Amino acid sequence: MPLPTAVPIVLTDNEREQLLAWSRRPSSAQAIALRSRVVLACADAAGATNGSIAEDLGISRATVTKWRNRFATDRLDGLMDEPRPGRPRTITDADVEKVITTTLETTPKDATHWSTRSLAAQIGLSQTAVSRIWRAFGLAPHRRQTWKLSKDPQFIDKVRDVVGLYLDPPERAVVLCVDEKSQIQALDRTAPVLPMLPGTPQRASHDYVRAGTSSLFAALDLATGKVIGSLHARHRAIEFKKFLATLDRQVPADLDVHVVLDNASTHKTPAVRRWLAAHPRFVLHFTPTSSSWLNLVERWFGELTTKKLQRGSHRSVRELNQDILDWIETWNDDPRPYVWTKAADQILESIARYCKRINDS
């Protein structure tokens, strides 16, 4: 028996334009995109068999036949999925709109934000329905993001200065990222820490005893990743001046020293300025106010905190200081320099986009 003749497909300009859009747009559902390509192939290859078109597209002949016939009968509407059998929809568009507007425009009487249960009780839907609507529209009232923008009038100039130093450090010079981690507490648990066992994490008492505090002055070498550290009982300009003297002794005398640091008052006292005037090879580069993220030594402080201080126990400040110095020595045995990759223009453009977004919202 001869095969049935394929239904000819002739497209209008509007139909072709719509099919091309469906087939090319990355956001189109893959099923609709494939059906559009089938119909376009049928229209462009007049006289070609369904089998040859299926071979070109890498699909079955039955698929080509199905969507050719559906399009011939119902045109563009024929490519849409037919309603599937199942339970009738119980949540109307009005219910969805009410959930969204109530979430965005009101607050409950006894809280600062809605929960799925409180909103469900208010509107008369199930908690599961509210949760699904929130997920569908990306609503999360329980979450809150904070932001802080620098008010430094020289913000742009300082960003360009510091980032330029990171990306293109001067020759015959050392770039040091300097900051202080003050008030590090020597804490000891009130009971011995119990070790980890199979199926049981390490356990420590919630209570602790304070044995005093220490302040760490640290300088991270941009090129090598090595750290020069100095511990002091207090955090004042006099201690910072002593730390600068330590850096002066440890950095070879034939190299300039570019220091990246924040705007703390201890960095700008008359005594410090006099010391800097007597040591002209030291050049200070200040980060903008409220922009500690620009100082790479802050990343190193984060590693020190998570890997040593956060779960450490120390019965005295002396013990704490020795533990920190040992950790610095271990770090310097195999230092890992941090690599800054983002240019100043990229940072400023990103901040500008964020400012525009919060202003428009």
Cβ-Cβ under 6 Å pairs, at least 6 apart or on other chains, segment 96-121 side over 15 Å from Arg143 (Cβ atoms), far side among the small types (Gly, Ala, Ser) and crowded, with 16+ Cβ neighbours inside 10 Å:
Pro108/Ser118
Looking at segment 227-243, is at least one residue at pLDDT below 95, open to solvent by 30 Å² or more (accessible area, probe 1.4 Å), under 24 Å from Val162 (Cβ atoms) and not hydrophobic (A, V, I, L, M, F, W, C)?
yes
Filter segment 205-218 for residues that are open to solvent by 60 Å² or more (accessible area, probe 1.4 Å) and touching a residue at least 12 places away in the same chain (Cβ under 8 Å); which is farthest from Val317 (Cα to Cα)?
Asp207
Considering only residues that are among the acidic types (Asp, Glu) and more than 29 Å from the chain's Cα centre (by Cα), look in segment 298-338 and name the one that is nearest to Leu261 (Cα to Cα).
Glu329
Do we find that Thr289 is in the same structural domain as Lys158 (by the TED database), open to solvent by 20 Å² or more (accessible area, probe 1.4 Å), over 19 Å from Thr213 (Cβ atoms) and without any contact (Cβ under 8 Å) to a residue 40 or more places away in the chain in this structure?
no
Taking segment 30-56 and keeping only residues that are open to solvent by 60 Å² or more (accessible area, probe 1.4 Å), in a helix (DSSP H, G or I) and in contact with a Lys or Arg (Cβ under 9 Å, 6 or more places away or on another chain), one is left with Glu55
Going through segment 141-163 one residue at a time, which ones are of a type in the set (Lys, Arg), within 29 Å of Val339 (Cβ to Cβ) and not in a helix (DSSP H, G or I)?
Lys148
What's the number of the condition Ile184 fails, among (1) touching a Phe, Trp or Tyr at 6+ places or on another chain (Cβ under 6 Å); (2) open to solvent by less than 40 Å² (accessible area, probe 1.4 Å)?
(1)
If we keep just the residues of segment 118-173 that are more than 21 Å from Asp95 (Cβ to Cβ) and of a type in the set (Ser, Thr, Tyr), which is most open to solvent (accessible area, probe 1.4 Å)?
Thr146
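The values are calculated or read from the model by the stated rules, or taken from the named source; none is laboratory data. Quick caveat, the model's predicted, so the values are computed rather than measured. All Cβ positions, even for glycine, are placed from backbone atoms using ideal geometry, and neighbour counts span all protein chains on display. SASA here: full protein model, heavy atoms, side chains in, ligands and nucleic acids out. Shrake-Rupley method; radii C 1.70, N 1.55, O 1.52, S 1.80 Å.
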